[in-house]
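Okay, so here's the structure we're looking at.
The values are calculated or read from the model by the stated rules, or taken from the named source; none is laboratory data. Here the structure is a predicted model, which means the values were calculated and not measured. Reconstructed Cβ throughout: ideal geometry from the backbone, glycine too, with neighbour counts over all protein chains shown.
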Amino acid sequence: MKDNLIYSEETYKIIGAAMAVHRYFGCGFTEKVYQDALEIESQAQGIPYQREVSSLYHERFIVSSSAKSESDAESV
């Protein structure tokens with residue numbers, strides 16, 4: 001785990017959840033399958049998770065509420 005990341009522990013957990021989904025499903029499924037699986041895996045690992053959040057937040061600005069990200073893990 002890299003110590004120079006701002007949220008290194010959270011980043012490690014999120015990447016771990018994504019890798020668990022990838023190991024299980026591999027490639028070739030629709031995006032929705034991976035989204036569903038990542039939501040379930042995040043919940044199983046205790047990672048707060050919101051799907052298709054309507055606003056993107058950045059340290060300098062807030063993107064219009066009409067913009068959507070595909071998934072967003074909340075800070076742990």
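Overview of results
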read-out: Tally of residues being acidic (Asp, Glu) and closer than 14 Å to residue 45 by Cβ across segment 1-33; value: 2
read-out: So residue 73, is it at pLDDT 95 or above and out of contact with any His (no Cβ under 9 Å at 6 or more places or on another chain); value: no
read-out: Every pair of residues 6+ apart whose Cβ atoms lie under 7 Å, when the first sits in segment 9-37 and is small (Gly, Ala, Ser) while the second is part of a helix (DSSP H, G or I) and surrounded by 12 or more Cβ atoms within 10 Å (Cβ to Cβ); value: 17/38; 17/41; 17/42; 18/38; 20/41; 37/21; 37/25
